[in-house]
Protein chains: 2
Amino acid sequence: MNDDLLTGRTRLDRHPERGSHDRETIHRILDEALVCHVGFTVDGQPYVIPASYGRVGEALYLHGAAASRMVCALERGVPACLTVTLLDGIVLARSAVRHSVNYRSVVVLGQATPVVDPAEKLMALRAITEHVIQGRWDDVRAPSKGELAATKVVRLAITEASAKIRAGPPDDDVRDLGRPVWAGVVPLELLPGAPVPDASTDPESSVPEYAKAYSRRR
Amino acid sequence: MNDDLLTGRTRLDRHPERGSHDRETIHRILDEALVCHVGFTVDGQPYVIPASYGRVGEALYLHGAAASRMVCALERGVPACLTVTLLDGIVLARSAVRHSVNYRSVVVLGQATPVVDPAEKLMALRAITEHVIQGRWDDVRAPSKGELAATKVVRLAITEASAKIRAGPPDDDVRDLGRPVWAGVVPLELLPGAPVPDASTDPESSVPEYAKAYSRRR
């Protein structure tokens, strides 16, 4: 296990056997999740806001309109926390307290930096769009200079991070194993439905493969 | 619109047309989401942690082992933020910057209170289990006195909250509508797979309906 992402703040006190500081594991979970939840504190009050993001190597990018409270706070370099969670299943045990959820999550701590260089900004917006739907960027109009200027982008380096994974069957007390109740896992996955064209799309135009076969699996 | 949940801190500065402070809307989203993300600050650092929860009327319950960093912080009454996000679809526009995600989210701000009364604690654990999988509680062994004592529960009242909803097709600039590219929505939903019994479950025993037909829809 690569432990360079481990600090006192990302050490896992509860269920340490579920934890990992392995970069590959962290990257895979970050790439599979669709949105993150960003935490930041303003006037002593923490806020947790869902947001799109993109990863390029060891950098995570977030964006927002110039007035976005989240991006404005992050730009100021306040301590932040970026968390993603994949829900993999419901764990049905034989006793109430052993019920659980199978999941894979990543917590990244740090302070973000504003991205001002237009080339890095464009690269970040491409990464965010491609994170949401891989293969889309080249099919659509790229941001204009005005759109780029109206969008704020911040970078959060993955320097202090941990993954936590709960997988597999219920962990029942051995004294409960004889109970005549079904126990196991109901798997869960975020799955796509049939793409819905908007009113201006030519009904004859074919649905792109990345929309027809949309998947978060990485 | 019922505005009593609206404060300066839950006012929506960005896309106010997507916001709501209606209790029914907020309850419906809270009931449909499987996990929440809880934000709290320790030594100036915000943490965002995924957690199960349950709702009883205007109260949200969270639980954890006695050593859980999250529950210990919440017990102390630090300012907290509980956020849930439902992912409903990918919005494919004709320009990069108009891409979006359809979602329904709720943000609840407040300070939690420890639940010490054993009857309320038991009721809270029942609400959390039933939130995760409705119909399960009566089929399994209830918590023992020892299990109850080893579990911490906190209550967060829904007194300051907002919902935010993005739905529907892309919102393209009218000058982009003629572009020959497919645009629309790829719907998303957290869906169950076939239940997987654990090694101690009698293979002849039938899978309960709440596991076979698991759904988050409310």
>> Among the numbered criteria (1) surrounded by 19 or more Cβ atoms within 10 Å (Cβ to Cβ); (2) within 9 Å of chain B (Cβ to nearest Cβ), which one does A:Leu30 miss?
In response: (2)
> Of the residues A:Glu24, A:Glu75, A:Glu32, A:Glu17, which is closer than 30 Å to B:Ser200 by Cα and of a type in the set (Asp, Glu)?
Replying inline: A:Glu17
> For B:Ala67, all conditions in the list (1) of a type in the set (Gly, Ala, Ser); (2) over 18 Å from B:His131 (Cα atoms); (3) assigned to a strand (DSSP E or B); (4) out of contact with any Pro (no Cβ under 6 Å at 6 or more places or on another chain) hold save one; what is the number of the exception?
Replying inline: (3)
> Does at least one position in the range A:200-215 carry a residue that is without any contact (Cβ under 8 Å) to a residue 60 or more places away in the chain and assigned to a strand (DSSP E or B)?
Replying inline: no
> Looking at this structure, is A:Ala149 free of Cβ contacts under 8 Å to residues at least 24 places away in the same chain and farther than 29 Å from A:Arg18 by Cβ?
Replying inline: yes
> Given the structure, is A:Tyr61 of a type in the set (Phe, Trp, Tyr), farther than 22 Å from B:Arg216 by Cβ and either within 9 Å of chain B (Cβ to nearest Cβ) or surrounded by 18 or more Cβ atoms within 10 Å (Cβ to Cβ) (or both)?
Replying inline: yes
>> Can you confirm whether B:Asp172 is within 10 Å of another protein chain (Cβ to nearest Cβ), touching a helix residue (DSSP H, G or I) at 6+ places or on another chain (Cβ under 6 Å) and modelled with pLDDT of 95 or more?
In response: yes
>> What's the total number of residues in the range A:200-218 that are at the interface with chain B (Cβ under 7 Å from one of its Cβ atoms) and either crowded, with 17+ Cβ neighbours inside 10 Å or of a type in the set (A, V, I, L, M, F, W, C) (or both)?
In response: 5
> Going by the conditions given, is A:Pro180 at the interface with chain B (Cβ under 10 Å from one of its Cβ atoms), farther than 26 Å from A:Ala65 by Cβ, surrounded by 17 or more Cβ atoms within 10 Å (Cβ to Cβ) and of a type outside the set (D, E, K, R)?
Replying inline: no
> Here are some residues: A:Val91, A:Val97. Which one is touching a helix residue (DSSP H, G or I) at 6+ places or on another chain (Cβ under 6 Å) and of a type in the set (Val, Ile, Thr)?
Replying inline: A:Val97
> Any residue in the range B:12-22 that is polar (S, T, N, Q), more than 7 Å from chain A (Cβ to nearest Cβ) and surrounded by fewer than 19 Cβ atoms within 10 Å (Cβ to Cβ)?
Replying inline: no
>> Going residue by residue through the range B:108-116, is there one that turns out to be buried (at least 21 other Cβ atoms within 10 Å of the Cβ), in a strand (DSSP E or B), more than 10 Å from chain A (Cβ to nearest Cβ) and among the β-branched types (Val, Ile, Thr)?
In response: yes
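The values are calculated or read from the model by the stated rules, or taken from the named source; none is laboratory data. As the structure is a computational prediction, the values presented were derived from the model and not from experiment. With ideal geometry, Cβ positions are generated from the backbone for all residues, glycine too; neighbour counts draw on all protein chains shown.
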